[in-house]
1. Search the structure for amide H atoms under 5 Å from the amide H of Leu99, placed 1.01 Å from N in the peptide plane, and list their residues when 5 or more places away or on another chain.
2. Give me the net charge of Gly221's neighbourhood, meaning all other residues with Cβ under 15 Å from the Cβ of Gly221; Lys, Arg count +1, Asp, Glu -1.
3. Using +1 at the C-beta of Lys and Arg and -1 at the C-beta of Asp and Glu, which of Thr175, Val150, Ala164 has the Cα lying farthest in the positive direction of the dipole of region 141-180?
4. Using modelled backbone amide H atoms (1.01 Å from N, in-plane), which distant-in-sequence or interchain residues come within less than 5 Å of Thr193's amide H?
5. When DSSP assigns beta bridges and you keep just the ones with both residues in the chain, what percent turn out antiparallel, to the nearest 5?
6. Add +1 for every Lys or Arg and -1 for every Asp or Glu among the other residues with Cβ under 10 Å from the Cβ of Val20, and state the total.
7. Among the listed pairs Lys168/Lys257; Lys206/Lys300; Lys168/Lys306; Lys109/Lys204, which have their C-alpha atoms separated by more than 31 angstrom in this model?
8. Amide H of Ser29: which non-local residues (sequence gap of 5 or more, or other chain) have their own amide H closer than 5 Å, using H built in the peptide plane?
Amino acid sequence: MKAVYIRSFGGPENLEIRDVPDPSPPVGSEVLVRVRAAGLNRADLLQRRGLYPPPAGYSPHIPGLEFAGEIVETGNDASAWKARDRVFGISAGEAQAELLIADASVLAKIPDNLSFTEAAAVPEAFVTAHDAVFTQGELKKGETLLVHAVGSGVGLAALQLAKAARAKTIGTSRTAEKLERSKKFGLDEAILTGENTEFAPILKSKNGGGVDVILDLVGAGYFRENLECLLPKGRLMLVGLTSGNSAMFDLSMALRKRLRIIGTVLRGRSVDEKAEATRLFAEQVVPLLANGTVVPNVDKIFPVEKVREAHEYLESNESFGKIILEF
């Protein structure tokens, strides 16, 4: 089979399409998926640089955390699925290849109204957003969600899910155009940050004191202001660390406000944990995709042979939503 292959760790020039051995036949609860499209994520950029190795059992040279395709073969314990079923899901790695072994429990059925390319834009963004904002962050109707880096795939997914749940949304971005474009995905209030990380005064003026839940894809640079923005019993969901991983922490503020600060990541979780996140996604998000309440946020599509260009585009920070590789 053909796969995206990291020849050596470093820049995009180290990527190539290489013939690698096909996976072994599926056993037990495993299924073999023919991948038709795969999402590109910032984790793939880090893996390419040698900074984010996959868990044991996955090749550090074949990236990919999400996929859409059709089942080729199933193991004996994967009776819920059959050959030619259209599925999408998350993986700890190796999703950017023509064939992928996945556990049946981390698959969901692609709604009939979505193409493989559209479906590939969904799993990592929507499972991450739903798990962080609702399962762990417990966002409720009438509450307010603040999303940093709102024009990202996860950010746009979170906006749509929050609006479907009748919550208010506020988003930050360093780009005015991304804030404007985010409005059609459900953004109520926009805050342009640029190089200024002191957004708390602006937010409080817009939202009468603060927010209930923050989805932070930025990290250290926004940590202090995040604590200022949270209302009593607020929840800070730390998902990304693009601005660094070390920050000063005012413990007294956390105590006074009774805050919850939660770090979360999908990739390193056990299969059982991923299965539960996928089950809730299939129950609560897939129906919204099927009826058009929420939509995949595809920014740009690249044939897999142009994976180097796709990496360069994602690194440019010009993308708005998801970048997809087509097989």
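1. Placed amide hydrogens put Val35 under 5 Å from Leu99.
2. Values: positive: Arg174, Arg224; negative: Glu195, Glu198, Asp216, Glu225, Glu228.
Residues near Gly221 contribute -3 overall.
3. Value computed over the given set: Ala164.
4. Residues meeting the criterion, in which the H sits 1.01 Å from N, are Ser173, Arg174, Thr175.
5. Within the chain, antiparallel bridges account for around 55 percent of the total.
6. Values: positive: Lys2, Arg18; negative: Asp19, Asp22, Glu94, Glu98.
Once positives and negatives cancel, what remains is -2.
7. On the way: Lys168/Lys257 21 Å; Lys206/Lys300 33 Å; Lys168/Lys306 39 Å; Lys109/Lys204 41 Å.
Table pairs above 31 Å Cα-Cα are Lys206/Lys300; Lys168/Lys306; Lys109/Lys204.
8. So Ser29 has HN proximity to Asp77.
Just so you know, all these numbers are worked out from the coordinates, no wet-lab data involved. Not measured: the values here are computed from a predicted model. For neighbour counting, all protein chains shown are included, and Cβ atoms are generated from backbone atoms with ideal geometry for every residue, glycine included.
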